[in-house]
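Novice: Take this structure, written in structure tokens, and hold onto it; I'll ask about it next.
Since every read-out is calculated from the coordinates, none of them should be taken as a lab result. Predicted model only: the values in this text are computed from it and were never measured.
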Number of protein chains: 2
Amino acid sequence: MTSTEPTQPESQPRPTRQRLAVAKALDSFEGFRSAQQIHALLTESGEQVGLATVYRSLQRMAEADEVDTLRTEEGEVTYRRCSDSHHHHLVCRSCGATVEIEGPTVERWTEKVSREHGFSDVSHTLEIFGTCATCAR
Amino acid sequence: MTSTEPTQPESQPRPTRQRLAVAKALDSFEGFRSAQQIHALLTESGEQVGLATVYRSLQRMAEADEVDTLRTEEGEVTYRRCSDSHHHHLVCRSCGATVEIEGPTVERWTEKVSREHGFSDVSHTLEIFGTCATCAR
DNA sequence: GTAAGTGCAAACGGTTTGCAGCCTC
DNA sequence: GAGGCTGCAAACCGTTTGCACTTAC
């Protein structure tokens, strides 16, 4: 398998009202939201979009690397627009408060370790869970 | 005064045939397996245990910190007995080959970062994905 | 004897899919 | 006008739960 093969012909999706609405919704918040939450946001703001369509749009965008996806502890897939820099999450087990973390340490380490094992084209996911200061006292 | 338990009394689970079978199954492999895989293992080896019972047993053991749990990309929860040392996985996207990785670097980094943000009692999950040497050529 | 544990099947919750009609190009 | 896109509802899949029965203590 050479690197001359991108992925698929993948034609541009059509800019329908629904698709634009989902894209706009993604711009309206930071961090990760589930498909259902995004669907709720749309409904609230008066945009009628079917849940299935929200899922399909998000999937498309994920495949096109336009959004990052993350699976929660509960099994829901969450999405965010991935223009911003790569980072990780520090999540409070008790109240759910989330801090975005970034640091070259882990990036370098994963890169080094993967290369040592002959892996290429690597990515990684890292989540840190704990009890935040507020919940601890 | 005998004792005032602040936490749950949490009685010991009864050592039933089914529970012992699940425990034994967990000892028969390394790494993570899903509840369904474990149920299949049991069935294969002639132990009849209901799927629901497998789930209930694993949940119990997870609560008692006897097993580690990990959610796969596909949304399945996987389990392993957690006697062995903490480590991470380097997984090939193409063929699924998995290398177990460990290193103090990340452990220390997550520890440090969490403390800086006032978090305590922290744990973390880290998965690295890439293309292995065999699949890359 | 009795309360915890089990099996079965139905319920659940998030996600995917088949299909008829709609809308871009 | 053709094929992608949408909405709806049904299907899916892993997991949980209600309930009557069994079993360890």
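Novice: Stokes-Einstein at 10 °C, 1.306 mPa s, Kirkwood radius from Cα pairs: D for chain B in µm² s⁻¹?
Specialist: Translational diffusion coefficient: 90 µm²/s.
Novice: Let me ask you something else. How many times 2.2 N^0.38 Å is the alpha carbon radius of gyration of the protein assembly as shown?
Specialist: 1.17
Novice: A further question follows. Aspartates and glutamates within cross-link reach of residue B:24: Cα-Cα under 17 Å, excluding same-chain residues under 8 positions apart?
Specialist: Partners found: B:44, B:47, B:65, B:66, B:68, B:84.
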